[in-house]
Structure formats: structure tokens, C-alpha cells
Amino acid sequence: MHHALRPLAPLLVGVIVLYIPRAPGLPTQSPQPAVTPRVGLVSPSTQAAPTPSPSPTLPVSSTTPSTPPALDRDTIIRLKIFLDQHSFGPGEITDHWDDLSANALRLYQTANGREATGKIDSELQQGLGSLTLYTNYQIKPDDLAWVGKSPQKPAEQAKRKFMPYPSLADFVAERFHTSLSFLAHLNRGKNLSKLHPGDSVQVPNVPPFDIANLKVADDIPPRPEMKTHSVGIDTKNKVITVMEGGNIMAAFPITPGSKELPAPVGTWQIVKIATLPWFRWDKAMLLHGKRSSNFHSIPPGPRNEVGVVWIGLNKKGIGIHGTNNPGSIGRSASHGCIRLANWDAIRVLNAVTQGVSVKIN
């Protein structure tokens, strides 16, 4: 697949769009997820003009490509931003390379008809060399609406009407798919704990996760044109892939259950899609997979435990969803569900519909 990448048309009001390398019956039961959904659709924002960044001298050649762990810091950042821009999520945009990033690179190579070596060939080198790494984001007055008190205990969370970001820095970091520590590194000398509307922050040059344009809807209607897509979940390598006709369109890192409550192996179907869900926090359900009468209803928001997306399967209590802690993806356990960073969960949401098959192995 050496064709030029082309964008997949937005399926909703507009979200982070997938970029595709090329064009390429289970009975449904009513799901009973630990979620009562209230839905919103996410629209893209207009970014500030990117700040030019010099092209690096990449340690590669056509005969002896370099493996990612040996790459310098600048090249790692370039690889991560490049992969994220092309819908092969490497995890948080930072200057550290890990297995999640390596998986994304190999899957990107496979999707583009190349050998999945995890090494930089001449074609990829050219793409990385022309990449603009960073852009600037100016804090808007409306951004303050997404920031507020965000208690940690479920009993306290249930008393609130919304689960916001605890700070403007958290809002900006998630918007641009990065960590607070890397955001602080990009903005050395600036006190990120004292951001105000009008302040400008340097951020990774990735499609922004724009939570600011949410629209309420209780359930996203079926989109028949999406039924040609399918989803694969690799629990060993902790990755979810979106496919069409056997061709990989996109891939993102996940947390796929735990030893006690593993993601259910098998082929399932998507039966419900929602964003900005309420979360039914039930300790018995989370620990043992069985509901109890002792629970708390956690309101929606980016710091809700299931994040901003719920994609329910025809398996009781199991779904694909976002998270309130993007840094934990691939590094911690979930309660049988498939968890992604909010920015990646939105991209999966934008490519599926009810009836799409989900194969977990």
C-alpha cells in the first residue's frame, strides 16, 4: 500500500478524523453496561499556525535502518507525532519510546504495504524530515468551563453534576495527546499551574481532541455505511485495530482487562454507542463482574472513569471506552473492558456503528 493517505470523511458532527492508507452473525442481546449514557458529539477546532521546526538528521539509511530504541529524542518525538497524525496511536506524545509506540510503527508499516520491521526506511525518513513538530494553542475563556473540582472518591464524585479536568494544564495536555510532564518540558519557564485565558502554550502538532463542541444525544443512531468496518483487539500486544476488508485503517493502544477480569475472548458485536456517559460505579461489578445494590452514579465528563465514550458490546457489562487517566493506558488493568485514551476512543467511535464485529483474542 504505497498510495497517498486520504482522510476518512467524518461520520459524526465532526471528530478527529481517521487517515486511511488505502481503500481496501452473532445474536444481539441488550447490553447492560455499568453506564447510563448521555451523548455528545465532538467537533474539530481550528489550530493556530504551526511553528516551524528544523528537520533532524535521522540516524537511518536505505541499507542499515535504525531500531527505535536507538533513536535520539528528537526522532522519537517525530515518530510519535507522525504516527498519531496518521491514526496509528503511539500513546501519549512524549520523548520516550515503548512497546505501545513500537506496535503503532509496525502496524503503520503493515497498513502501508511495507515489511513490519519497526525500523525507519527511506520513505518514512522523508515523511519525518518534513514534519512540523509543534504548534501553539491560546487558552480561550470558554476552556474554563471544562475545569473544576474533580474529587477522587466515588461517593464525592456522585454528588457533582460534572467530572471536569482539575486544571487548564490537564485540559491542554489531553487536547494535544500528551502528558503534563512533557507539556511542562515544552513550556519551560512557564508556570502551567497558573494558566489564564489569552496565554499561549506550545503543544504537539496533532489533531486536537476538541471536547469543547459537545452536543447532547442519548444514543448515536446507526450508520449503515460503517458496517463494512470491523474491529480487532489484541490483548497480548494491547492494541485495537479498525479494519475494512482486511485492510488496517487505524490502530490505538489499549488496556485490555486484567488477570482477574480479562477482556472476553471471542467475536462480539457493537450494540450501543454513546459519548459523555454516566458511569455506574459498583464495587462488586468492578471486582467480580456482578452487579450489587451498593453503587454510585458518576456524572459525565473527561474525568469520569469511562471517559467520554462508551461503545457497548453484546456481552453484559463489556464495552470499549475512554479513561480519566490517559497515562495508564497499556500500563494498568481494567475491569474486563477495553480502555483507550479519550482522544483515541473518539477516533474509534468515528469509525464504527451498531452491528460492527469486534474480535477479541
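For this structure, a couple of remarks:
- Too-long pairs where the Cα-Cα distance tops 18 Å, listed order kept, from Lys236/Lys316; Lys80/Lys140; Lys272/Lys315; Lys315/Lys359; Lys236/Lys315; Lys80/Lys119: Lys236/Lys316; Lys80/Lys140; Lys236/Lys315
- In this simple spin-label approximation, Asn213 and Thr267 carry label points 7 Å from Cα along the Cα→Cβ vector, and these lie 3.7 nm apart.
- Solvent exposure, largest accessible area first (probe 1.4 Å, DNA, RNA and ligands not counted), of Thr178, Thr228: Thr228, Thr178
- Note that the stretch 111-124 has calculated 3J(HN,Hα) couplings of 5, 9, x, 10, 5, 7, 8, x, 10, 8, 8, 5, 5, 5 Hz, one per residue in order, obtained from phi through the Karplus relation 6.51 cos²θ - 1.76 cosθ + 1.60 (θ = phi - 60°); glycine and proline are x.
- Area accessible to solvent at Tyr137, 1.4 Å probe radius, in Å²: 10 Å²
- Ordered from largest to smallest accessible area (heavy atoms of protein chains, 1.4 Å probe), the residues Glu225, Glu244, Glu260 come out as Glu260, Glu225, Glu244.
The values are calculated or read from the model by the stated rules, or taken from the named source; none is laboratory data. Everything numeric in this text was worked out from a predicted model, so none of it was measured. Don't worry about glycine lacking a Cβ; one is built from the backbone with ideal geometry, like all the others, and counts go over all protein chains shown. Accessible surface is based on the protein model in full, side chains and every heavy atom, while ligands, DNA and RNA are left aside. Shrake-Rupley method; radii C 1.70, N 1.55, O 1.52, S 1.80 Å.
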